[in-house]
Amino acid sequence: MFEKKDVIYSETMGVCRVADIVRLSPNNRLGEPVPYYLLKSVFDSSKVAYIPVKHHQVLLRELISKEEAAAVSEEELKKLDERRQAEIRYVLEQEP
């Protein structure tokens with residue numbers, strides 16, 4: 001489980017921050033509120049997503065390590081999709 005303020009990778013948004021963990025009522029309003037991650041893109045603050053904490057179908061994971069990012073060659077980087085390229089650049093730009 002991720003915590004508030006964690007920076008993670010979402011397959012739909014790319015690099016994002018867990019802005020909060022909120023409880024939302026289910027559609028039928030009869031069940032208990034369900035916890036959701038409130039994700040905000042680190043590159044575009046207007047992009048947000050609500051992803052269920054449990055049973056989500058979107059891939060959420062920790063960012064790759066600085067060592068993994070540094071091992072990606074420029075040629076390999078060009079072959080990756082835009083979100084993965086942004087993840088690698090983001091990781092490499094972070095302070096140690």
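The values are calculated or read from the model by the stated rules, or taken from the named source; none is laboratory data. All values reported here derive from a predicted model rather than from experimental measurement. Cβ: placed from backbone, ideal geometry, glycine included. Neighbour counts: every protein chain shown. The area values use the complete protein model at the heavy-atom level, side chains included, leaving out ligands, DNA and RNA. Shrake-Rupley method; radii C 1.70, N 1.55, O 1.52, S 1.80 Å.
For the chain, what's the relative contact order in percent, using C-alpha pairs closer than 8 Å and at least 6 residues apart?
Over the chain, the number comes to 25 percent.
One-quarter of the Cα convex hull surface for the chain, in nm²?
Orientation-averaged projected area of the Cα hull: 7.1 nm².
Just to confirm the number: angle between the C-alpha axis of helix 82-93 and the first principal axis of the chain, 0 to 90 degrees, nearest 10?
Between helix and principal axis, roughly 70 degrees.
To the nearest 20 Debye, how big is the dipole of the chain about its Cα centre, given +1 on the beta carbon of each Lys and Arg and -1 on that of each Asp and Glu?
With only Lys, Arg, Asp and Glu charged at Cβ, the dipole is about 540 debye.
Sum -39500 (n - 2.57) across every DSSP H segment of at least 4 residues in the chain, then divide by the residue count to get the 222 nm mean residue ellipticity, nearest 500.
Taken over the chain, the calculation gives -6500 deg cm²/dmol.
Towards the positive end of the charge dipole of the range 9-88, with charges on Cβ (+1 Lys, Arg; -1 Asp, Glu), say which of S25, A71, Y9 has the farthest Cα.
Working it through, the farthest residue towards the positive pole turns out to be S25.
Taking only pairs that are 8 or more places apart or on different chains, how many Lys pairs in the range 1-91 have Cα atoms under 22 angstrom apart?
12
Tell me, what is the per residue accessible area of the chain in Å², probe radius 1.4 Å?
72
Cα atoms only, the range 47-96: Rg and Dmax in Å?
13.2, 37
Could you work out which residue, out of V18, V48, V58, moves most in a Gaussian network model of the chain, that is, has the largest mean-square fluctuation with Cα springs under 10 Å?
V58
Could you check how much of the accessible area of the chain is carbon and sulfur, as a whole percent, using a 1.4 Å probe?
Summing carbon and sulfur atoms, their accessible area is 48 percent of the total for the chain.
Which one, A19, A86, A70, has the greatest fluctuation when you compute a Gaussian network model over the chain with C-alpha springs under 10 angstrom?
The residue with the greatest mean-square fluctuation here is A70.
For an R0 of 25 angstrom, estimate the FRET efficiency from the Cβ-Cβ distance between R89 and K4 and round to the nearest 0.05.
So the FRET efficiency works out to roughly 0.55.
Can you quote the Å³ per residue value for the convex hull of the Cα atoms in the range 11-65, rounded to an integer?
Looking at the range 11-65, the number lands at 91 Å³ per residue.
Please check: in the Gaussian network model of the chain (C-alpha springs, under 10 Å), which one of K47, K79, K66 has the largest mean-square fluctuation.
K79
Short version: ³J(HN,Hα) in whole Hz for each residue of the range 63-69, in order, from phi by Karplus 6.51 cos²θ - 1.76 cosθ + 1.60 (θ = phi - 60°), x for Gly and Pro, what are they?
These are the phi-based 3J(HN,Hα) values: 5, 5, 6, 4, 5, 5, 5 Hz.
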